[in-house]
């Protein structure tokens, strides 16, 4: 699932970039994106709600892509800062990744006509390429 890879990529970028408050904001904003995506997916119950969700997911993916581009320009934090942020946000982010997968699996089981479009929207622009060290 592309959203899961996006979340992991941003977390990894978050761990390899940022400093001080900027790094903390990066992690919080990543978590906010993940929570917003899950809120949208939680409301998909039928074809009509799926059609309403797709443009919202597309918009969120575009915002997340831009955020990822902006995030990669930050500097590298200390190892201690990285560990502190993983401790603070890692569990919450992991929970959101799992929840996203559960939502997509549930929606897939509904066998809705628009599901492939949702899959495309979830993965469309939400997987920016980050240089990893």
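The values are calculated or read from the model by the stated rules, or taken from the named source; none is laboratory data. Since we're looking at a predicted model, the values are computed, not measured. All Cβ positions, glycine included, derive from the backbone under ideal geometry; neighbour counts span all protein chains shown.
Tabulated data for the structure shown
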read-out: Output for region 69-81, where each listed residue is part of a helix (DSSP H, G or I) and either within 15 Å of residue 118 (Cβ to Cβ) or modelled with pLDDT under 80 (or both); value: 69, 70, 71
read-out: Matching residues, region 31-47, being free of Cβ contacts under 8 Å to residues at least 24 places away in the same chain and either assigned to a helix (DSSP H, G or I) or surrounded by 15 or more Cβ atoms within 10 Å (Cβ to Cβ) (or both); value: 32, 39, 40
read-out: Candidate set: region 107-124, residues that are assigned to a helix (DSSP H, G or I) and touching a helix residue (DSSP H, G or I) at 6+ places or on another chain (Cβ under 7 Å); chosen: the one surrounded by the most Cβ atoms within 10 Å (Cβ to Cβ); value: 122
read-out: Residue among 58, 51 that alone is within 18 Å of residue 113 (Cα to Cα), surrounded by 14 or more Cβ atoms within 10 Å (Cβ to Cβ) and touching a helix residue (DSSP H, G or I) at 6+ places or on another chain (Cβ under 6 Å); value: 58
read-out: Any pair with Cβ under 7 angstrom, 6 or more apart, that starts in region 96-124 at a residue that is in contact (Cβ under 8 Å) with a residue 60 or more places away in the chain and ends at one that is surrounded by 13 or more Cβ atoms within 10 Å (Cβ to Cβ) and not in a helix (DSSP H, G or I); value: 100/1; 101/1; 104/1; 107/44
read-out: Among residues of region 22-64, those that are within 17 Å of residue 99 (Cβ to Cβ) and at pLDDT 90 or above, counted; value: 19
read-out: In region 60-73, the residues that are more than 13 Å from the chain's Cα centre (by Cα) and under 15 Å from residue 28 (Cα atoms); value: 70, 71
